[in-house]
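Here is the structure we will look at.
The values are calculated or read from the model by the stated rules, or taken from the named source; none is laboratory data. Owing to the predicted nature of the structure, the values given are computational and were not obtained by experimental measurement. All Cβ positions, even for glycine, are placed from backbone atoms using ideal geometry, and neighbour counts span all protein chains on display. These area figures cover heavy atoms from the full protein model, side chains too; ligands, DNA and RNA do not enter into them. Shrake-Rupley method; radii C 1.70, N 1.55, O 1.52, S 1.80 Å.
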Amino acid sequence: MAKTQQKSSNAWIYWMIGIVIAAVVIIVVIDRQMSDNSGESVSYEDQPYIGEEDAPVTMIEFYDYLCPHCHDYQEVAIPEIKQKLVDTGKAKLYLINHAFIGDSDKAATFAEVVYQELGNDTFYKFHEHLMSEKVQEAGIFTDEYLKDALGTVVEDDSKIEKVMSAYEDGAGEEALSTDKEIVSDLGVTSTPTLVVDGEIFEGASFEELEKAVDEAAEDQ
């Protein structure tokens, strides 16, 4: 058990070191207009999430479907977060786009349509699938690619066509615009980023995240 915990902790540390190194090498310039950001004004209405609706603590994961570190995060960190924080009822985790790499906004918009048309559970299955693909090349998110990706989690052709029709009509664009507003309000500048009850999490281990969630619960 001790070795397993150590391995998990090391994975978190290595992942965070990789994020820091990437941040030094790749500078993403985003206009940050607010020096003192707060999550108090953030509306979570119509946002996909995993966990219990009445969980005491609200977390957000900001991600980009073309971000390689987001794919690593989905593989390394999310299972532990889900098992120990979400499934236990301590927190719910909202999934909000920060689409700024290449044409990742197309995948983000399409995923929003999946959520709107087919619901939370199907959205998360689709989200997991895109993250498991570990795609990193711009231009990959064609309509055909996204349709095929949806087909891996939805067997009903009529449901797939329903999503495709809504997507072609521009559904999902307003939702993505809302996500961009939340990104700006909270001052999020990179992906993946975690937010715990309106505060950007800057720790480097799961233990620190768990402590932040516990402290947020105590402040309720």
* **Neighbour cut-off at most 10 other Cβ (10 Å), DSSP loop, GluC sites (Glu not before Pro), the stretch 132-214** => 137, 155, 202
* **Eligible lysines near residue 90 by straight Cα distance, threshold 17 Å, same-chain separation 8 or greater** => 82, 211
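All other residues with a Cβ under 13 Å from the Cβ of residue 165 taken together, and with Lys, Arg as +1 and Asp, Glu as -1, what is their net charge?
After counting each charged neighbour, the total is -3.
Summing Lys, Arg as +1 and Asp, Glu as -1, what charge do residues with Cβ under 14 Å from the Cβ of residue 139 carry, residue 139 excluded? Before the final figure, lay out the partial values.
On the way: positive: 106; negative: 103, 105, 137, 143, 144.
Within the 14 Å Cβ shell, the charges total -4.
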* **Gain in span if fully extended, residue 84 to residue 121, counting 0.36 nm per residue against the direct Cα distance** => 11.4 nm
* Which percent of the accessible area of the stretch 51-201 is formed by carbon and sulfur heavy atoms (probe 1.4 angstrom)? -> 42 percent
